[in-house]
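*Asks:* Structure in structure tokens, see below.
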Amino acid sequence: MKTLYKTKDLFLGENMRMNGVTSADIETILVAIIQTCYDGIYVADKNGVGIMVNKAYSRMTGVESHELLGKNMLTVVKEGIVSESVTIKVLAEKSPQTIIQTVRGKEVLVTGSPIFDSYGEINYVVTNVRDISDLNQTKTALHNSKKLTEKYINEIEEFKKRELIHMHLEGIVGQSQEIMRVFHLARKVAKVDSSVLILGESGVGKEVIVNYMHQESDRSNKPLIKVNCGAIPGHLLESELFGYEKGAFTGASSQGKPGLFEMANGGTIFLDEIGDMPVDLQVKLLRVLQEFEIMRVGGTKSIKIDVRVISATHMDLEAMVDKNDFRRDLYYRLNIVPIRVPPLRERKADILPLAFYFLTKNNKKYKLNKRFHPEILHFFEDYRWHGNIRELENLIERLVVTTDNEEILIKDLPQYMLQGSDQNRPKQSGKLKEMVGNLERKLIKEQMKESKTTRAAAKALGISQSALVKKMQKLGL
């Protein structure tokens with residue numbers, strides 16, 4: 001070790017000797033400095049054989065001194081202790097080298113510096129090792145912080161939109177991007193009088209969209225008249241929509257009766273289940289939408305009206321048009337602005353808020369204090385909800401009023417829901433994970449037995465050495 005400090009730059013040794021400090025004292029001091037240094041220090045001779053390593057190195061990397069001392073760094077690399085050797089690089093380049101090295105699966109920053117003798121030949125290589133996990137953590141934290149900030153900004157914007165909806169119409173519960181897009185479009189077209197066709201499965205909340213559009217429109221202080229075209233017999237629908245004059249048919253009122261279009265004058269009329277309207281009546285509706293005037297059944301004069309028409313259906317109107325079950329010209333007139341309301345299974349983020357909304361509503365209604373078991377909430381998110389929000393609402397009320405305990409469990413659900421549910425199937429995810437782990441463990445063991453080192457084993461398995469080391473640690477190998 002004496003040559004290590006006998007360099008032309010280490011003139012301090014001469015001054016110390018003048019004060020009676022011996023070479024042995026200097027060596028002791030140097031060893032003490034190296035051992036107490038916070039950074040890891042490793043020293044190799046000119047052949048790349050380890051001759052000194054301090055405690056900080058072992059603390060930082062988990063590699064004990066006996067694993068390095070007396071070994072050539074090429075051997076240490078082959079054994080998979082380190083990913084590559086900065087010492088070998090320094091000996092080859094004859095100049096300081098810095099690399100990021102993986103030691104037992106941990107990344108560290110290492111700098112190797114050559115110590116030259118008086119002939120310009122390398123006698124030793126001193127390697128300084130610094131733990132960069134804190135730096136990586138800081139970098140990751142900054143990245144995550146940036147992402148979190150962006151997330152919060154987006155959430156604030158979405159919250160503003162949701163608050164706007166709640167502010168204008170009580171009872172709307174939704175936070176998914178899908179439903180927010182629907183309300184954004186609905187709010188835009190609410191300000192104009194273009195015909196809107198709302199499409200979607202039964203129970204998705206098409207009527208809620210209509211209520212929202214009407215309240216957002218300039219007609220909000222005028223009537224909103226709702227008509228279910230599928231619930232009124234075809235022979236009565238015309239008189240309901242357009243009214244009738246006295247004596248128009250047997251049983252007609254002696255004073256006549258205004259129709260729903262007249263009652264909606266100045267406001268909005270909502271034609272629900274428009275696909276159920278008889279074809280002969282579709283012709284008359286088309287004339288109303290073109291001329292904005294109606295004629296009562298049995299009447300002889302037209303009546304001008306000013307109405308906003310919104311229609312809705314769960315049917316495929318385009319297919320009906322192709323089959324001549326729905327008039328093409330009426331379809332185009334109604335479908336100026338289509339709004340598709342996605343089914344509940346396509347906006348899963350709304351399921352739990354809706355479930356808790358209906359739970360709170362029914363608890364208050366029936367003066368109860370029911371609550372959900374966490375397991376049933378997972379069931380709700382995975383269930384298909386063919387009846388959409390209506391099915392969910394009716395189910396929650398049923399569970400609230402029929403369950404005996406205050407906590408609502410999966411076993412309280414109707415059998416028809418459980419029979420087709422994934423909840424009744426054996427859980428395979430844990431077994432599959434265990435099987436994959438066992439297979440990986442077996443393959444790695446066999447490859448390590450054959451390859452001897454992690455570097456060779458990683459190459460044979462087609463992954464990086466650091467990835468293999470991490471996987472071995474995870475699998476307990």
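The values are calculated or read from the model by the stated rules, or taken from the named source; none is laboratory data. It should be emphasised that the depicted structure is a prediction, and the values quoted were computed from it without experimental measurement. Every residue, glycine among them, receives a Cβ derived from its backbone with ideal geometry; neighbour counts consider all protein chains shown. Surface areas here come from the heavy atoms of the whole protein model, side chains and all, with no ligands, DNA or RNA. Shrake-Rupley method; radii C 1.70, N 1.55, O 1.52, S 1.80 Å.
*Asks:* Just checking, which of GLU391, GLU381, GLU406 is closer than 19 Å to VAL208 by Cα and either at pLDDT 90 or above or of a type outside the set (S, T, N, Q) (or both)?
*Replies:* Selected residue: GLU391, the only one of GLU391, GLU381, GLU406 that is closer than 19 Å to VAL208 by Cα and either at pLDDT 90 or above or of a type outside the set (S, T, N, Q) (or both).
Here's the yes/no breakdown for (1) within 30 Å of PRO342 (Cβ to Cβ); (2) of a type outside the set (S, T, N, Q); (3) at pLDDT below 90:
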position: LYS246; (1), (2), (3): no, yes, yes
position: ALA252; (1), (2), (3): no, yes, yes
position: ALA264; (1), (2), (3): yes, yes, no
position: THR268; (1), (2), (3): yes, no, no
position: ASP272; (1), (2), (3): yes, yes, no
position: ASP276; (1), (2), (3): yes, yes, no
position: GLN282; (1), (2), (3): yes, no, no
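*Asks:* Could you tell me whether the stretch 74-87 includes any residue that is in a strand (DSSP E or B) and under 18 Å from THR453 (Cβ atoms)?
*Replies:* Yes, some residue in the stretch 74-87 is in a strand (DSSP E or B) and under 18 Å from THR453 (Cβ atoms).
*Asks:* I've got another one for you. If you take the residues in the stretch 19-60 that are among the aromatic types (Phe, Trp, Tyr) and touching a strand residue (DSSP E or B) at 6+ places or on another chain (Cβ under 7 Å), which one is surrounded by the most Cβ atoms within 10 Å (Cβ to Cβ)?
*Replies:* Once the filter is applied, the top-ranked residue is TYR42.
*Asks:* Can we say GLN255 is assigned to a helix (DSSP H, G or I) and not aromatic (Phe, Trp, Tyr)?
*Replies:* Answer is no for this residue.
*Asks:* Then there's this: Could you list, in sequence order, the residues of the stretch 371-414 that are more than 21 Å from GLY205 (Cβ to Cβ), among the polar types (S, T, N, Q) and open to solvent by 20 Å² or more (accessible area, probe 1.4 Å)?
*Replies:* THR402, ASN405, listed by residue number.
*Asks:* Under 6 Å between Cβ atoms, at least 6 apart or on separate chains: pull out the pairs that start in the stretch 268-291 with a residue that is assigned to a helix (DSSP H, G or I) and end on any residue that is among the hydrophobic types (A, V, I, L, M, F, W, C) and open to solvent by 10 Å² or more (accessible area, probe 1.4 Å).
*Replies:* GLY275/MET315
*Asks:* I would also like to ask the following. Of these, VAL189, VAL196, VAL204, which one is open to solvent by less than 50 Å² (accessible area, probe 1.4 Å) and at pLDDT below 95?
*Replies:* After ruling out the rest, the residue left standing is VAL204.
*Asks:* Between a first residue in the stretch 396-408 that is touching a residue at least 24 places away in the same chain (Cβ under 8 Å) and a second residue that is of a type in the set (Ser, Thr, Tyr) and surrounded by fewer than 16 Cβ atoms within 10 Å (Cβ to Cβ), which pairs have beta carbons less than 7 Å apart while being 6 or more apart in sequence or on different chains?
*Replies:* VAL400/TYR366; VAL401/TYR366
*Asks:* I need a count of the residues in the stretch 300-340 that are open to solvent by 50 Å² or more (accessible area, probe 1.4 Å) and part of a loop (DSSP other than H, G, I, E, B).
*Replies:* Of the residues in the stretch 300-340, the ones open to solvent by 50 Å² or more (accessible area, probe 1.4 Å) are 300-302, 304, 306, 314-316, 318, 322-325, 327-329, 332-333, 336, 338, 340.
Checking which are part of a loop (DSSP other than H, G, I, E, B) leaves us with 300-302, 306, 314-316, 323-325, 327, 336.
Number satisfying all stated conditions: 12.
*Asks:* Shifting gears a bit: Are any residues in the stretch 86-105 open to solvent by 10 Å² or more (accessible area, probe 1.4 Å), in contact (Cβ under 8 Å) with a residue 24 or more places away in the chain and over 42 Å from the mean Cα position of the chain (by Cα), and if so, which ones?
*Replies:* Within the stretch 86-105, ILE88, LEU91, LYS94 qualify.
*Asks:* Output the qualifying pairs, or none if there are none: Cβ atoms under 9 angstrom, residues six or more apart or on different chains, first residue in the stretch 235-246 and closer than 12 Å to MET295 by Cβ, second residue open to solvent by 70 Å² or more (accessible area, probe 1.4 Å) and assigned to a strand (DSSP E or B).
*Replies:* Listed pairs, sorted by first residue: SER239/LYS257; GLY243/LYS257; TYR244/LYS257; GLU245/LYS257.
*Asks:* Take VAL63 and tell me if it is open to solvent by less than 60 Å² (accessible area, probe 1.4 Å), within 23 Å of LYS470 (Cα to Cα), not acidic (Asp, Glu) and not in a helix (DSSP H, G or I).
*Replies:* When the stated conditions are applied, VAL63 passes them.
*Asks:* Does ILE351 qualify as being touching a Phe, Trp or Tyr at 6+ places or on another chain (Cβ under 6 Å), open to solvent by less than 90 Å² (accessible area, probe 1.4 Å) and part of a strand (DSSP E or B)?
*Replies:* No, not satisfied.
*Asks:* Shifting gears a bit: Suppose we keep only residues that are of a type outside the set (D, E, K, R) and in a strand (DSSP E or B) within the stretch 207-228. Which one would you say is least open to solvent (accessible area, probe 1.4 Å)? Before the answer, list the steps.
*Replies:* Of the residues in the stretch 207-228, the ones of a type outside the set (D, E, K, R) are 208-215, 217, 220-221, 223-225, 227-228.
Still in the running and in a strand (DSSP E or B): 224-225, 227-228.
On the way: LEU224: 48, ILE225: 29, VAL227: 4, ASN228: 67 Å².
Here the residue is VAL227.
*Asks:* I'd like to verify a number: residues in the stretch 439-458 that are basic (Lys, Arg) and farther than 23 Å from THR75 by Cβ, how many?
*Replies:* 2
*Asks:* (1) modelled with pLDDT under 95; (2) in contact with a helix residue (DSSP H, G or I) (Cβ under 6 Å, 6 or more places away or on another chain); (3) open to solvent by less than 60 Å² (accessible area, probe 1.4 Å): which one isn't true of GLY234, the others all being true?
*Replies:* (2)
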